[in-house]
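What follows is a set of notes on a single structure, which appears directly below.
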Amino acid sequence: MEEIQFGNVKVAVLLASYNGEKYIAEQIRSINAQKNVRVDIYVSDDVSTDKTRSLLLKMKKEGAVKTVFDGPMKGYANNFLHLAKKVPKHYQFYAFADQDDVWLPSKLSTAISRLTECPSDTPALFCSNVELINADGIHIGVLNTKIKNPSFANALVQSIAGGHTMVVNSSLLKIFARIPQNSMLRSHDWMLYQLCTGFDGEVYYYPKPLVCYRQHSANLIGNNQTMRSLVKRVFFFFNGRLKSGLDDNAKILTRFVGEFGASNQRIFFQSHRIRQSKIFFRLLFWKSPMKRQSYLETWVVRIGILFGLV
């Protein structure tokens, strides 16, 4: 298959770091080895206490990294938001990178080939499946993720991909960067999915892996289709973490909902009203428009809403 050339396209890569000395050099090498595109890597280091900072400054001197910012020290999600505010806004596309993965050489060119199908003034998000590798970079497997019909109703209650797989156009990055830095941002990837679909943007999910997602002691996910994983998600639904996450996201989305499409405004206000209502109203309208990718998990969430747990 003939490769598509994007030699004139330069992508800004946003990498958030914190104590990542063990793997960050390999990650940056894989980003700079992207085929058929040019990249500028912007790093926000959240006051690392290991050798990460000195490694980054060395790579900056060598030209492997464009700029190293001081992070806001408010967690990884706010570190990415900090980067989104800091990076120049003249790029067509922006990609998000963790500090310990490995990108396959065609990651960015594959993303750009999809994103260029969308008008530049329409928010657009590309994401993909991942290959799992262990701490030594040995293949473990492929994350068994099947995504269908991305939508705002889905985005309200679920993120469909990791931020390290995401590439967005300038339109979506500028919207994301409008979030106040002091916001309770739980997850940058989840919020990007919510904003893109809320603004009637385009979401492209690529089912093949384009990132090697490293699994180590501080970063373990495993296959999300196992029964064990399902039990963990059910516990997540009902232990209050999902409820508080939805509440925090709603506070941010309230700033933007007036600019959403009419149908997404209805979905947002209906879902928010049901979740905040007394038990009698929830009994009448407990079939919230919010839906997970899994039919079973959608019903679990509805039951959680009915009993005020979600």
message: Need one number: the % of Cα-Cα pairs in the chain sitting beyond the 32 Å mark.
response: 27
- prompt: How much net charge surrounds residue 248 when only the other residues with a Cβ under 12 Å from the Cβ of residue 248 are counted, with Lys and Arg +1 and Asp and Glu -1?
  reply: +3
- prompt: Which is the longest run of the chain containing none of the GluC sites (Glu not before Pro) found in DSSP loop states (not H, G, I, E, B) with at most 15 other C-beta atoms within 10 Å?
  reply: 118-310
Cβ-based exposure ranking for 24, 279, 133, 41, in which fewest neighbours within 10 Å come first: 279, 133, 41, 24
message: I need 49, 67, 254, 298 ordered by Cβ neighbour count within 10 Å, fewest first.
response: 49, 254, 67, 298
query: residue 140: net charge of surrounding residues, Cβ under 11 Å, Lys/Arg +1, Asp/Glu -1, itself excluded?
result: -1
For residue 204, net neighbour charge (Lys/Arg +1, Asp/Glu -1) across residues whose Cβ lies under 11 Å away: -1
message: Can you list residues from other chains, or at least 5 along the same chain, whose modelled amide H is less than 5 Å from the amide H of residue 204?
response: 125, 126, 127
message: With a 10 Å cut-off between alpha carbons and a GNM built on the chain, which of 182, 154, 78 moves the most?
response: 182
query: Which ordering of 164, 82, 216 is given by a fewest-first count of other beta-carbon atoms within 10 Å?
result: 216, 82, 164
- prompt: Among 66/89; 74/148; 35/58; 22/107; 86/243; 10/85, which pairs are too far apart, with a Cα-Cα distance over 26 Å?
  reply: 74/148; 86/243
- prompt: Residues with amide H under 5 Å of residue 130's amide H, sequence separation 5 or more or different chain, H placed in the peptide plane at 1.01 Å from N; which?
  reply: 143
Distance in nm between pseudo-label sites at residue 50 and residue 117 (7 Å out along the Cβ direction from Cα): 4.0
task: Count the DSSP beta bridges whose two residues both fall in the chain, then state the antiparallel fraction as a percent rounded to the nearest 5.
output: 30
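No lab work stands behind these numbers, since they all come straight from the coordinates. Predicted model only: the values in this text are computed from it and were never measured. Every residue, glycine as well, gets a Cβ built from its backbone with ideal geometry; the counts of neighbours run over all protein chains shown.
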